[in-house]
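Asker: I'd like to ask you about the structure that follows.
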Amino acid sequence: MIDIIIFIVFLLLNLIIGILYRGKQQSFKEYAIGNKNFSTAALIATLVATQASGSMFLNGLEQTYTNGLYYVLASVIGSFLGLLITGYIIGPRLGNFLNCVSIADIMSSVYGKGVQLITAICTVLATIGYIAIQFKVISRILEALFNYQGPEVTVIAATIIIIYSAFGGIKSVTFTDVIQFITFGTLLPVLALAIWHHIPNISQVIHTLSENPNFNFEHVISWSPQFIGTLAFMFVLIVPGLPPEIFQRMAMARNTSQIKRAIAYAAVLWVLIQLFIVWIAVLLLSDNPHLTTNQVVGYMIKTYTYTGLKGFLGVGVIALAMSTADSALNSCAVLVANDILPPLKITKQASVQAAAIATFAIGFLAVLLTLSIQNILQIILLFSNFSLPILTIPMLLTIFGFRTSRRVIYIGMGAGFVMTALLLLYFKNVNSFFPGMMANLIFLVGSHYLLKEEGGWIKQETEAGIEAITWKDRWTQLKSFNLPAYLEKNLPEQEYYYPLLAFYSLIATYVSLYHLPHVIEQEYLMLYRTIQYSVLVITTSLLGFQIWPAPLKNKRLLAWVWPLLIFYTLFFVGGMIVIMSGFQSSQILIFMLSLVMIALFTYLPLALTLAIAGIIVAAGVFKWVTGQDISPNQAIPISFHFSHGLLLFSSLLIALFRFKQSKETLQKKNAYLMTLNNQSKEEMQEVLRYREEILKDLTKEDTLLFDETMAAYMRQAIYRMTDYMRLDVKRISMEELISEVRETIKLSDFPQMPDLLIQNKSKQPTIEVDRERIKQMLANSITYLYQSSNATRPITIALEDAKLGYSVAHMQNYARESNAIRIVLTIEKSLPKIQPIYNLNHNSIVDQVARDRNRRMLLQNARIVDAHYGYAELDSHIITHLYVIPVNLREVRGKVMEIIREPAVVDPAELNHPLSIKVEEELKNKLTAKGIDFKPISKALNVIKRYHAGVKRKSGEPFFTHPIAAALILLEYCQDPDAVIAALLHDTVEDTGLSLIQIKIMFGETVAFLVQKVTNLEENRKRLMLEDHENIARLINYEDKRAAYVKLADRMHNMRTISGHSSLAKQKHIASETLNFFVPLAKNLELTTVSQELEILSLEVLKKK
């Protein structure tokens, strides 16, 4: 009765937790993969719970009992390597696909709905079979535990899984996975202990491991048919099939770094779970080696369990089955709702309702399958034979960057299907997985190149536009690895660490020698005395490190001496004493403590390398010196070895993890403070340097100006000195940005961490910003809101899509619209109503905040928003902060904004370039011939030589030769001096730090007007990038023909030198624009020669293939 109560309570607990943790008013994406705020620990738990299935437990026990190492090697090594490959090789390449909800969704984004549909259907069919296996495990364990053979309880358990999976989505599944993970994680050691206590003689276990041929490495590892089958099974486990439930957990991660961390820890836990199962099977085999495979589980339950433990065992195994079934069921429903119904036009788009209905339908089919097919293996073979051969190869090639046509994908999938079907029909005993996959690969890649399809291997990009690391890159990194530099980084920062190492080594060695029995000392007397005296000499020398001569303290020498001393005194000597003692627990304890100590002083990889090398070398030296084989002391029980080893290993992991966590937190705090400090220093240095540049630019002649112009100039100068902010613009995902803000907040010294409620309603996956500035802005707002509410109210961070509007001069009733994200931080329950468009006026948000005493503490945030060309509403009561930031910052803020405070210095090498000398001489001669005063032209020449210094054209010549060439062309049909100067200056505002106000000061209002008309920037202290149609629209209303003349001269020189563009597509775009706009413009201005040449040049480019 107690066992039944335990079972019922467990089922009800899962149902309650699943319902309570369901997401309310979820979008489909949140239902499928959550809102990417899962902790790494939760991801680890759900990964392990999903991977560790009920069928794995039962099959692992039975196969280990029957086949020993033939199964263990394949299962443990294969699955461990498969997980690591998934995390460390496939995971980093999923950066661009993390917003997809399934593998079929990925295939759809590359190859369309047909491939999406095939992928989804095959995956769903295979997954239904997998779910049925877990339901079958539940049925089987109930039969074994309670001698109950009816389907009712199995149906009830399956119904509970279906209910919380349908209504709760991934959140419910994840939280129940955590409960199930804890349940079966507790079961395994309890069960192992219960069996252990029933074995009368421990020597039975040793006899099994040493005498049973299935556990003898020399017998197992041989080219026998059984070992070849082991290798084939291992290959199947290593190949990353990426089942839907595993991909779903990867898509739940914030970024690829979290994927790698979660899967790495999950792989280690997975191995520990498998080793526990192996250990339980070994104990069963030791106690009764005469069972058949089908009798193992029943015998275990009947012999070793009792009231209470029987119910707990049932709950644990059922937890394994449920954790896998609910994950597979949820991912399968997502496939139906997102990848089957919309392509078949049954629904318009994926929805939570469709996924919930699909969950019930799939669960019902799996239950029917469970009740109708009795053999678990039959279910596996029925549904899994086609999934791997059809889907794995196209999926992996797509993830790794291979692109081809849809028909080639269909050919590969068809080849895999046909090969698998033929093998199943005519060679039923042949494993069809590998031949089917090979057929798929050969036909897919072969047909791609035979049919000469476009695509092939492409350079991949991961998150935020960062290029994926290729194997070539990794090999380059490996070749460039500098071992001396790496070892030098591991040196202690203070000299007193050397005497400390000596003191610890001396104590550890002599304590170890003291615990050696006198018999062992006499047996290995030479080794004993060598260790005793060598350690004494080394440690004595190190204790006097501070008086060592300077040449011996050379860092290059110490970089090698330090690890060698650690290697010898702690790990070689410690390992030798462990071997001499017959692996006494006290000696193992000292060795493990030494490893912990060194891991605290050096990088963990180096510490592990030295420890492993020390043991291996000590074992080799021991065998060479004594001629004896290494074996544990048989007088010490194996339970003692195992329990102490496990205890020491666990304590080592905890100590290292805790130390690493504390160290990382301190490093992050230090890096954060250093970044803020460096930014402040750099900004102050730039302010001082730019002040000097302004003074250089203002000559006596330039100061004779109108008051209005001088005022505008001074306003611009003050903006550049105070409000201007240089940005490091990069693309970042919104989830990653919020995650980094959370981490930044953790670095603040809050008495209690703020309660942040994230509402991400934006459809924009990424945003282009200065990530450090925006993180700082959001962290500042959170700090202010936290302080204003006295830490009593949660802070809502809402992300929504919005529009920003920018006015453009010379374009009446027109506002440039740009996609944006509205970020609201508030302690209010409701959010401000979103506006159709947030128009930016010419009044700086910085000025507004600076004038309001109540808002001055938000001045830094105002500067960050202003630098991002954004909009802000900063409540004076500090309860709601609203920011609107453009999604694509570079579309509105040109790269020139990052160099406007750069000093302008002439490059002498450019002045002496042959082309520079030639075009300048031609300009002088032409101006003289036409009777134009050269003095103002000379001043413009000096300006462009300074401001364009260091910039080259695509052909390699100094850039300022282009405006000179444009001025030469202009002189053929216009001799106006202001137009010539404007032609020389036409690229300065767009490409350099020179502003229109400065041009107005130096050359007058007419030249400034002409330059403004022909540039691709709108300038009002900040510079706004204009799109092609906006620039052309402004030019059509040229108001002054000279502006059109200058633009035609610029375009003519660009067309004459268009071959400098490496991209033919770019050439054709320029040629098409020239033909459609500039040729008619020239005709309208009656410049026949210009229009004819532009037309000929454009057509020549458009004919290229």
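Asker: If packing is taken as the average count of other Cβ atoms within 10 Å, what order do 513-526, 822-835 fall into, highest mean first?
Answerer: Details: 513-526: 12.8, 822-835: 16.0.
Top of the packing list down: 822-835, 513-526.
Asker: Related question: How would you rank 184-196, 209-221, 253-265, highest first, on the average number of other Cβ atoms within 10 Å across their residues?
Answerer: 253-265, 184-196, 209-221
Asker: Do you know the relative contact order of the range 483-636, to the nearest whole percent, from alpha carbon pairs under 8 angstrom that are 6+ apart?
Answerer: Once divided by the residue count of the range 483-636, the mean separation gives 29 percent.
Asker: So for each of 1085-1094, 198-207, 955-964, 45-54 I average, over its residues, the number of other beta carbons within 10 Å; can you give me the resulting order with the highest mean first?
Answerer: 45-54, 955-964, 1085-1094, 198-207
Asker: I would also like to ask the following. Give me the extension gain from residue 556 to residue 521: residue separation times 0.36 nm, minus the current Cα-Cα distance, reported in nm with one decimal.
Answerer: Working: separation 35, 0.36 × 35 = 12.60 nm, distance 3.86 nm.
Contour length minus Cα-Cα distance gives 8.7 nm.
Asker: Where the centre of each part is set by its Cα atoms, how far does the range 606-630 sit from the range 116-188, in angstrom?
Answerer: 48 Å
Asker: Just subtract the alpha-carbon distance of residue 975 and residue 1105 from 0.36 nm times their residue separation and send over the number in nm, one decimal. Could you put the intermediate results ahead of the total?
Answerer: Details: separation 130, 0.36 × 130 = 46.80 nm, distance 3.93 nm.
My answer for the length gained is 42.9 nm.
Asker: Pairs 1041/1066; 924/945; 1047/1104; 918/1000; 113/260: which are spaced more than 20 Å apart, C-alpha to C-alpha?
Answerer: Flagged as over cut-off: 1041/1066; 1047/1104; 918/1000; 113/260.
Asker: Taking every pair of alpha-carbon atoms in the range 483-636, what share in percent sits in each 10 Å bin, from 0 to the bin with the longest distance?
Answerer: P(r) for the range 483-636, in whole percents per bin: 11, 41, 33, 14, 2, 0.
Asker: If you average the alpha carbon positions of the range 338-368 and of the range 940-972, how far apart do those two centres end up, in angstrom?
Answerer: Rounded to whole Å, the Cα centres lie 64 Å apart.
Asker: When only C-alpha pairs under 8 Å and at least 6 residues apart count, what is the relative contact order of the range 139-268, in percent?
Answerer: This gives 6 percent for the range 139-268.
Asker: Cα extents of the range 526-574 along the three principal axes, largest first, in whole Å?
Answerer: 35, 18, 12
Asker: Given contacts defined as C-alpha pairs under 8 Å and at least six residues apart, what's the relative contact order of the range 901-1102, whole-number percent? Before the final figure, lay out the partial values.
Answerer: Values: 238 pairs, mean separation 33.6, N = 202.
The value is 17 percent.
Asker: Going by how many other Cβ atoms sit within 10 Å of their own, how do 974, 122, 332 line up, fewest first?
Answerer: The fewest-first ordering by Cβ neighbours comes to 974, 122, 332.
Quick note: the coordinates plus some simple rules give every number you see, no bench work behind them. Small disclaimer: the values here were computed from a predicted structure and weren't measured. Here the Cβ is made from the backbone with ideal geometry for all residues, glycine too, and neighbour counts use every protein chain on show.
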